[in-house]
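The values are calculated or read from the model by the stated rules, or taken from the named source; none is laboratory data. Since the model is a prediction, treat every value here as computed from it, not as a measurement. No Cβ is skipped: glycine too gets one built from the backbone with ideal geometry, and neighbour counts run over all protein chains shown.
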Amino acid sequence: MNKPSLRATLLWGVGPVLAFVLGAVVGTMRARTERGRFYQATAELSAAERKSLEAVPALAAANVAWALGGADIVKTTSDTALTRIPEHEAARRAQAFIRFGLVDSNLDGQAALFGQACAADASACDAGLKAAAEREVQTRYVSPGKVLPLYFGGHPPIPGPDAAP
């Protein structure tokens, strides 16, 4: 068996390692200089604004789950969104509680969740909790949560055999 020459060792052994290191150094330098406007904009945000920005993916998932998901996925994503939404974003927290309450099958649970929505954002109750719930019901495409619960004023009329046509 022939021993590899020094030239072949450098060409096939050290060459690729050197190319990898050189590529990593150039790539790192380029990434640092070209981070762009988004990096600059996020670097200049306050801590509260950065925390709000971190909640955006969870809120997007919660919105999709609300429109098209079942009750279990709505509960899961609402719970996840509630843990990520900062305390100072009261309207978003109240919205999550309202959505959670609309899909809850327990009447006492619904009342508790709507009460938490009022505690999270008092203006939601002042402006009308029923109106806020109606807005959420209109954005939902599947049941449960497609109709207002009994908490907001009773069951809708069900036509029966003695109902007038």
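With the condition being at pLDDT 85 or above, hydrophobic (A, V, I, L, M, F, W, C) and surrounded by fewer than 17 Cβ atoms within 10 Å (Cβ to Cβ), I'd like the helices (runs of 4 or more DSSP H) fully within the range 1-116 carrying at least 3 qualifying residues.
It comes to 15-33, 56-68.
Against the condition hydroxyl-bearing (Ser, Thr, Tyr) and closer than 30 Å to LEU113 by Cβ, how does SER5 come out, does it pass?
no
So if I check each of SER78, SER52, SER5, which one is free of Cβ contacts under 8 Å to residues at least 40 places away in the same chain and in contact with a Pro (Cβ under 8 Å, 6 or more places away or on another chain)?
Just a single option satisfies the conditions, and that option is SER52.
From (1) more than 26 Å from ALA48 (Cβ to Cβ); (2) assigned to a helix (DSSP H, G or I), pick out the condition that doesn't hold for PRO144.
Among (1) more than 26 Å from ALA48 (Cβ to Cβ); (2) assigned to a helix (DSSP H, G or I), the lone unmet condition for PRO144 is (2).
Based on this model, can you work out whether SER123 counts as surrounded by 21 or more Cβ atoms within 10 Å (Cβ to Cβ) and modelled with pLDDT of 85 or more?
So SER123 fails the test.
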